[in-house]
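Participant: Below is a structure I'd like to ask you about.
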Amino acid sequence: MPRILAIDYGMKRTGIAVTDDLQIIASGLTTIPSETVITFLKDYFAKENVAKVLIGEPKQMNGQPSESAPLIEAFVVKFKSAFPEMVLERVDERFTSKMAFQTMIDSGLKKKQRQNKALIDEISATIMLQDYLSRKMF
């Protein structure tokens, strides 16, 4: 079965998570500089069978797009241009960064380790993907 990949796109860094072959478990894959995402994905898609890509949709509490929405919309346009055949789904990414930080605390990471923004981005993508998988099962 092909994998599902999730992207937590940001101005500087982008967190990427992917499912296992059975689409049961989401795992953090990496965090990369945002300007390298398309190149990274071209390489990754050449090596791995990916059926769908999830891209976070930033929203405010009232459901309106957040201030980072235009940045992510521009990335979505680039993504669709580079990968016109890939199934793309937008998913709500509210609270994923806060949940990622709390996950780091709960797992016992030291304060210095919790300041690693790249790790937060990767965990955020993983949370987004695992939430998607949980909703898909029901």
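Participant: Counting only residues that are out of contact with any helix residue (DSSP H, G or I) (no Cβ under 6 Å at 6 or more places or on another chain) and modelled with pLDDT under 95, how many does the stretch 31-54 have?
Facilitator: Residues that pass the stated criteria total 0.
Participant: Moving on. Which condition from (1) at pLDDT 65 or above; (2) outside any loop (DSSP other than H, G, I, E, B) is the one that residue 84 breaks?
Facilitator: (2)
Participant: Of the residues 8, 43, 21, which is under 17 Å from residue 124 (Cα atoms) and not hydrophobic (A, V, I, L, M, F, W, C)?
Facilitator: Details: 43 fails: under 17 Å from residue 124 (Cα atoms); 21 fails: under 17 Å from residue 124 (Cα atoms).
Answer to the check: 8.
Participant: Let me ask something else about it. Assess whether residue 100 counts as being among the hydrophobic types (A, V, I, L, M, F, W, C), at pLDDT below 65 and in a helix (DSSP H, G or I).
Facilitator: Here the answer is yes, as residue 100 does meet what is asked.
Participant: Taking residue 17, is it among the small types (Gly, Ala, Ser) and touching a residue at least 24 places away in the same chain (Cβ under 8 Å)?
Facilitator: Judged against the criteria, residue 17 is a match.
Participant: May I ask you to verify whether residue 54 is of a type in the set (A, V, I, L, M, F, W, C) and in contact with an Asp or Glu (Cβ under 9 Å, 6 or more places away or on another chain)? Before you say what the answer is, go through the steps one by one.
Facilitator: Working: of a type in the set (A, V, I, L, M, F, W, C): yes; in contact with an Asp or Glu (Cβ under 9 Å, 6 or more places away or on another chain): yes.
Yes: the conditions hold for residue 54.
Participant: Return the residues of the stretch 31-62 that are surrounded by 13 or more Cβ atoms within 10 Å (Cβ to Cβ) and free of Cβ contacts under 8 Å to residues at least 24 places away in the same chain; say none if nothing qualifies.
Facilitator: Result: 32, single match.
The values are calculated or read from the model by the stated rules, or taken from the named source; none is laboratory data. What you are looking at is a predicted structure, and each value in this text was computed from that prediction instead of being measured. Using ideal geometry, Cβ is built from the backbone for each residue, glycine included, and neighbour counts are taken over all protein chains shown.
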